[in-house]
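Structure, as C-alpha cells:
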C-alpha cells in the first residue's frame, strides 16, 4: 500500500513539474480584488470540506482544490495557461 501511495505521489509531482503553469484571470479585476477573492475562496473551500467532514489525506486536498476552483469560477474567473 505504501508503495502505491509513493508511486502515485511521484507521478503527481512529475506531472506538476512538467506541465504549463496556469493562472486565474478575470476581465476588469485588479490585484486587490483578486487577492480578496482568492482568500475568500480558500476559506470557503476549507469550511465546506470541514462541514462535510472530508478528512482523508490526499482526498481532502483534491476536494478542497475542486471547491476552490468552483468558487473562483462562480466569481467570474477563468484559468489561463502561461507558457
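The values are calculated or read from the model by the stated rules, or taken from the named source; none is laboratory data. Computed from a predicted structure; not experimentally measured. Counting neighbours? That spans all protein chains shown, and the Cβs are built from the backbone with ideal geometry, glycine included.
Can you find a residue in segment 8-22 that is more than 17 Å from residue 81 (Cα to Cα), modelled with pLDDT of 90 or more and either surrounded by 10 or more Cβ atoms within 10 Å (Cβ to Cβ) or out of contact with any helix residue (DSSP H, G or I) (no Cβ under 7 Å at 6 or more places or on another chain) (or both)?
Residues of segment 8-22 more than 17 Å from residue 81 (Cα to Cα): 8-14.
If we keep only those that are modelled with pLDDT of 90 or more too, we end up with none.
For segment 8-22, residues more than 17 Å from residue 81 (Cα to Cα), modelled with pLDDT of 90 or more and either surrounded by 10 or more Cβ atoms within 10 Å (Cβ to Cβ) or out of contact with any helix residue (DSSP H, G or I) (no Cβ under 7 Å at 6 or more places or on another chain) (or both): absent.
Run down 65, 42 and say which single residue is loosely packed, with under 13 Cβ neighbours inside 10 Å and either part of a helix (DSSP H, G or I) or modelled with pLDDT of 85 or more (or both).
65
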